[in-house]
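K.L.:
One structure follows; several queries about it will come next.
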Protein chains: 4
Amino acid sequence: MDRLAALPNTYKLVRRDARAGRTIVQLPNGASFGGEVLAICAGPCSVESREQIEATAQAVAASGANVLRGGAYKPRTSPYAFQGLGAEGLKLLRDAADRFGMSVVTEVLDPRDVELVAKHADMLQIGTRNMQNFTLLREVGDARKPVLLKRGLSATIEEWLLAAEYLLVAGNAEVVLCERGVRSFDSATRNLLDLAAVPLVHSLSHLPVIVDPSHGTGLAKLVAPMAAAGLAAGADGLLVEVHPDPPAAASDGPQSLTFEQFETLMGRLHAVAAAAGRQLPSATLAA
Amino acid sequence: MDRLAALPNTYKLVRRDARAGRTIVQLPNGASFGGEVLAICAGPCSVESREQIEATAQAVAASGANVLRGGAYKPRTSPYAFQGLGAEGLKLLRDAADRFGMSVVTEVLDPRDVELVAKHADMLQIGTRNMQNFTLLREVGDARKPVLLKRGLSATIEEWLLAAEYLLVAGNAEVVLCERGVRSFDSATRNLLDLAAVPLVHSLSHLPVIVDPSHGTGLAKLVAPMAAAGLAAGADGLLVEVHPDPPAAASDGPQSLTFEQFETLMGRLHAVAAAAGRQLPSATLAA
Amino acid sequence: MDRLAALPNTYKLVRRDARAGRTIVQLPNGASFGGEVLAICAGPCSVESREQIEATAQAVAASGANVLRGGAYKPRTSPYAFQGLGAEGLKLLRDAADRFGMSVVTEVLDPRDVELVAKHADMLQIGTRNMQNFTLLREVGDARKPVLLKRGLSATIEEWLLAAEYLLVAGNAEVVLCERGVRSFDSATRNLLDLAAVPLVHSLSHLPVIVDPSHGTGLAKLVAPMAAAGLAAGADGLLVEVHPDPPAAASDGPQSLTFEQFETLMGRLHAVAAAAGRQLPSATLAA
Amino acid sequence: MDRLAALPNTYKLVRRDARAGRTIVQLPNGASFGGEVLAICAGPCSVESREQIEATAQAVAASGANVLRGGAYKPRTSPYAFQGLGAEGLKLLRDAADRFGMSVVTEVLDPRDVELVAKHADMLQIGTRNMQNFTLLREVGDARKPVLLKRGLSATIEEWLLAAEYLLVAGNAEVVLCERGVRSFDSATRNLLDLAAVPLVHSLSHLPVIVDPSHGTGLAKLVAPMAAAGLAAGADGLLVEVHPDPPAAASDGPQSLTFEQFETLMGRLHAVAAAAGRQLPSATLAA
């Protein structure tokens, strides 16, 4: 009766019945995806400077985020847009996270950079535009690091889970999925955040899934309600863009929260997390 | 900076700044849309018999629903599918609602039926396929009854609000919007429930907006998490399909909850409603 | 192996094997849909005045169009937009067509207007927004007039054919389908013209299908290449918006051709029509 | 008045006014994209064996194709699907093309394979899933080989042209775009072939654009009408999947033509090519 009631047999390792319980992915600082305590990943779209990333890490850690996100290699639609600080950005990110007791998640674009990025990051992000970059999937599947696999711009649930299957079949079982909105006909929001993907993935697979309300809407004013909605839908965590000065951000300013907005958001999420049987991480005091 | 930060001036009456506060739409039994207490509309897709609708009304009222939904005139993709009981269905719906202290919302398809439907129902539903049936919008705009305006299958937020504008300009200010999912490329769910529409509509308009997780997903197993997500996103109510025996339903069986599933759902929604600063209606005791 | 290799059995009357040959729909002036000679429908989006519609009829007839199109009742997204001249527009359209030997196709929006519109028009158009207005489909199915059924904004091929089935089951077998573009994620064009619908419909059904490159693209500069592409795909005719002064048009100016552009287009279509085994109608001399 | 009447200034090198005339891309065997004679690329989805690719090259060359296509590295949704013959496939492709006077176009997936693929192929294909694989775009931009850049699954025209801009800015000006259908809500066809993209790209850019009716529809029965429609829309060439025995193909069987179907197609395209002011390449006699 159900559409997609269970995955076809072409899925082997991501299926819910492929292992006994649900997968819980642990990061070095104690953050985990899939357990009772949620993973809250926060930070700027792009790492821009030491001052920017350290101030952001301090602020988001103080509000309860436990994973620092930030792009060192940026996949930009235009070749003339800011492409990220590269290796230097990785180091800034690592230093900032270490100083405030956070783990690091950052995107890797090039299969030849996997080793370098894995040296600095605790979790490798495969971005939306690379969800079906099978070369990159295989290389990241070979790395011994947890992976955050974002859903493709117009990927079906089945295609997304098969992309995860590429990682698992290569030997990397520490995979977290991230719903970040899909392309739609309405330009009122940047993407259409598909929150039903959260319980649907949970019903089909043992892998954790988190929600990115920043890319999922493209509008700062919608981030808080959609973060709450994501947790109510059962998400195992959130990925939120935060910037010291959104209008001055090198990328994604319109969807980034200020420190104060992020603090307010976290304050309001306790009740909805509890309603979903989960809790937020404890805030880390500034170093 | 925002996309659609404010509506163009071609919108006059639905704009948030067109009136002082937010619109609250009241139904005769005390149910309201837009106030602190949520509106919970529940019932079968189609009214099938007196036994079916009365048993459903009793069950959903006992679980806390305050508006009875059910279709007497059904817009069916195929001319050979069950088209509803028509006028007889309206009477069965009215009787069942009266017996259990509920208000009635039901769809009207034909401008020539508006008077008849308005005689039996407390709220007129304009369905997805008729969101831009301007003839029907004008006729319902002339009726002195609250309206539930569902979003079209691929309607933008702007088009949806302009459809509401047709109702308001005709003189009917008691309009509630209903997000019920839009068409997408992924057949894993029947539609793609666009929950960001809830806070976006709230930021643009003074009208209340509710969520239909049944049509929004098409899968019973996803209704509970998406109902919770809808409330967390700030929805003013829910529309949920409930049937005594979903596999035997004349329409929409795969997305209908059993009485027991609905009761469980309502039990779980209290905490998320509270987290959103709202409360569920009090359950009505059986007659 | 094929997706949609044949229609499910829920289709009875529109199926290709439901009758011996292909349906050919004839209009009073000799125009036909489905025969060797193509049907070329042209005219303004809205009838605006006697001068406008007569000048247009004269120009398009002289270039070889054999059906005059023009809206008297306009389905407009905004209640504040021009809604058409109504009954007066029907008469102007009829007079202009008669003067230049054309047949008339025009849209009917309201089931209560079917009789009036059928009195003046030779072919009743059911517009995109009403493809699943089942009330209207039944009423038009009862009329003894050919019907032009436009595809809905996001209607699947199956839904479109089932909408036609509503007409056939009501007793009206003279149905022509019109592909006019569907909604997509790219705002570069107004709609996405789905020309594969033409051979797909031909493979599934005995009904004729024409193409509307004006709504299908929304850009005058794309009308000529897409008209040619539509004929090459096997379309049984075209529907093209033409206006004496597109920038001054009450509606759809950006996609309307001038008289001169239409004449140029028709001149260029002869070769592609011949390549598809068809021919354009002979031009009618001005009265 | 036009949507996307001209490209924003963020485009520099792909703009129509960035150079005097239109770009014509030449391949070693005389095939060209953008000139009066069309480029006809044909061959199997995957290179499977020497017998398969030689038989196909012979057949399609005899019917008038001048570029041999075939995948050695296959981007497959599932990790368990056939992934291509790799380097061995490149050699088989090269040998078959040389034997029958054809040029070779084949996909490169991994930036580390660009040099190897460029050694065997005359034109490097960047596939749909890699349109925004910016790492690959930069690497291919550095190669001195013509590029065939397929449109992404849900890429806008602007994003597609910016992907081409990555190639041009890296120094590779020999870029041909390929429209191959975009993702839509209707599963009746595999993709929705957006033929309006052809004249739209021609109006915005000096780059040639070809059409792939095989992926664009996913159904062999629709390939011929859509190939004709593509030429009528002004395409500079076609990419058609042909296989000795489609039901036995390792991939894309349902959309592949038999040799006989391809020959029939080519026979019918002469007239529509002529109607568009173009001509098909002369058939090459078998070796």
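Just so it is clear, none of the values below were taken in a lab; they were calculated from the coordinates. This structure is a prediction, so every number in the text was calculated from the model and none was measured. Note: ideal-geometry Cβ built from the backbone for every residue, glycine included; neighbour counts use all protein chains shown.
Residues checked against (1) under 27 Å from B:ALA155 (Cβ atoms); (2) under 17 Å from the mean Cα position of the chain (by Cα):
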{"site": "B:GLN83", "(1), (2)": "yes, no"}
{"site": "B:LEU92", "(1), (2)": "no, no"}
{"site": "B:ALA96", "(1), (2)": "no, no"}
{"site": "B:SER103", "(1), (2)": "yes, yes"}
{"site": "B:VAL114", "(1), (2)": "yes, no"}
{"site": "B:ILE126", "(1), (2)": "yes, yes"}
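K.L.:
Let me ask something else. Considering (1) in a helix (DSSP H, G or I); (2) more than 14 Å from chain A (Cβ to nearest Cβ); (3) within 18 Å of the chain's Cα centre (by Cα), say which one D:LEU161 fails and leave the rest.
P.N.:
All conditions pass for D:LEU161, except number (2).
K.L.:
On the given criteria, is D:ALA233 without any contact (Cβ under 8 Å) to a residue 60 or more places away in the chain, surrounded by 24 or more Cβ atoms within 10 Å (Cβ to Cβ), of a type outside the set (Phe, Trp, Tyr) and under 28 Å from C:SER214 (Cβ atoms)?
P.N.:
yes
K.L.:
Among the residues of segment B:97-115, write down those that are over 21 Å from B:SER32 (Cβ atoms) and either crowded, with 23+ Cβ neighbours inside 10 Å or of a type outside the set (Lys, Arg) (or both).
P.N.:
At the first step, the residues of segment B:97-115 found to be over 21 Å from B:SER32 (Cβ atoms) are B:99, B:108-115.
Scanning segment B:97-115 gives B:VAL108, B:LEU109, B:ASP110, B:PRO111, B:ASP113, B:VAL114, B:GLU115.
K.L.:
Looking at segment A:125-148 only, could you name the residues that are more than 8 Å from every other protein chain (Cβ to nearest Cβ) and under 13 Å from A:GLY181 (Cα atoms)?
P.N.:
A:GLY127, A:THR128
K.L.:
Would a scan of segment D:45-64 turn up a residue that is touching a residue at least 24 places away in the same chain (Cβ under 8 Å), within 14 Å of chain A (Cβ to nearest Cβ), within 17 Å of the chain's Cα centre (by Cα) and under 22 Å from D:GLN26 (Cα atoms)?
P.N.:
The answer is no, given that none of the residues of segment D:45-64 is touching a residue at least 24 places away in the same chain (Cβ under 8 Å), within 14 Å of chain A (Cβ to nearest Cβ), within 17 Å of the chain's Cα centre (by Cα) and under 22 Å from D:GLN26 (Cα atoms).
K.L.:
Which residue pairs have Cβ atoms under 8 Å apart, sit 6 or more places apart or on different chains, and have a first residue in segment D:96-115 that is away from chain A (no Cβ under 14 Å) and touching a residue at least 12 places away in the same chain (Cβ under 8 Å) and a second that is part of a helix (DSSP H, G or I) and hydroxyl-bearing (Ser, Thr, Tyr)?
P.N.:
D:ALA96/D:THR56
K.L.:
Sticking with this one: Take the residues in segment D:236-283 that are among the polar types (S, T, N, Q) and surrounded by fewer than 23 Cβ atoms within 10 Å (Cβ to Cβ); name whichever of them is farthest from the other protein chains (Cβ to nearest Cβ). Quick ask: steps written out before the conclusion?
P.N.:
First, the residues of segment D:236-283 that are among the polar types (S, T, N, Q): D:251, D:255-256, D:258, D:261, D:264, D:279, D:282.
With surrounded by fewer than 23 Cβ atoms within 10 Å (Cβ to Cβ) added as a condition, the list becomes D:251, D:258, D:261, D:264, D:279, D:282.
Numbers: D:SER251: 13, D:THR258: 13, D:GLN261: 14, D:THR264: 14, D:GLN279: 13, D:SER282: 19 Å.
The extreme case among them is D:SER282.
K.L.:
Taking into account only those residues within segment A:175-188 that are within 23 Å of A:GLY35 (Cα to Cα) and in contact with a Leu (Cβ under 6 Å, 6 or more places away or on another chain), which is farthest from the other protein chains (Cβ to nearest Cβ)? Before you say what the answer is, go through the steps one by one.
P.N.:
As a first pass, look at segment A:175-188 and keep what is within 23 Å of A:GLY35 (Cα to Cα): A:175-180.
Filter once more, so that each one left must be in contact with a Leu (Cβ under 6 Å, 6 or more places away or on another chain): A:175-178.
Numbers: A:VAL175: 13, A:VAL176: 18, A:LEU177: 14, A:CYS178: 16 Å.
Residue satisfying both the conditions and the ranking: A:VAL176.
K.L.:
Just checking, how many residues over segment A:165-179 are surrounded by 24 or more Cβ atoms within 10 Å (Cβ to Cβ) and farther than 9 Å from A:GLY141 by Cα? Spell out how you get there, then give the answer.
P.N.:
If we filter segment A:165-179 for residues that are surrounded by 24 or more Cβ atoms within 10 Å (Cβ to Cβ), which is where we start, we get A:165-167, A:175-179.
Adding the requirement that they be farther than 9 Å from A:GLY141 by Cα leaves A:165, A:175-179.
Final tally of qualifying residues: 6.
K.L.:
To continue, here is another question. Of the residues C:THR77, C:THR128, which is touching a strand residue (DSSP E or B) at 6+ places or on another chain (Cβ under 6 Å), farther than 21 Å from C:PRO244 by Cα and polar (S, T, N, Q)? First the steps, then the outcome.
P.N.:
Working: C:THR77 fails: touching a strand residue (DSSP E or B) at 6+ places or on another chain (Cβ under 6 Å).
Within the list C:THR77, C:THR128, the selection yields C:THR128.
K.L.:
Here's another thing I want to ask about it. Hey, among the residues in segment A:189-213 that are among the polar types (S, T, N, Q) and without any contact (Cβ under 8 Å) to a residue 60 or more places away in the chain, which one's nearest to the other protein chains (Cβ to nearest Cβ)? Talk me through it step by step, then tell me what you get.
P.N.:
Step one: of segment A:189-213, the residues among the polar types (S, T, N, Q) are A:189, A:191, A:203, A:205.
Checking the rest, the ones that are also without any contact (Cβ under 8 Å) to a residue 60 or more places away in the chain come to A:189, A:191.
On the way: A:THR189: 5, A:ASN191: 9 Å.
The extreme case among them is A:THR189.
K.L.:
Can you give me the ranges of the helices (runs of 4 or more DSSP H) entirely in segment D:189-274 with at least 1 residues that are among the hydrophobic types (A, V, I, L, M, F, W, C) and more than 16 Å from D:ALA39 (Cα to Cα)?
P.N.:
D:197-204, D:220-232
K.L.:
Let me ask you something else. Just to check your reading of the model, which residue among A:ARG76, A:ARG151, A:ARG69 is buried (at least 23 other Cβ atoms within 10 Å of the Cβ), in contact (Cβ under 8 Å) with a residue 12 or more places away in the chain and within 13 Å of chain D (Cβ to nearest Cβ)? Let's see the steps before the verdict.
P.N.:
Working: A:ARG76 fails: buried (at least 23 other Cβ atoms within 10 Å of the Cβ); A:ARG69 fails: within 13 Å of chain D (Cβ to nearest Cβ).
Residue meeting the stated conditions: A:ARG151.
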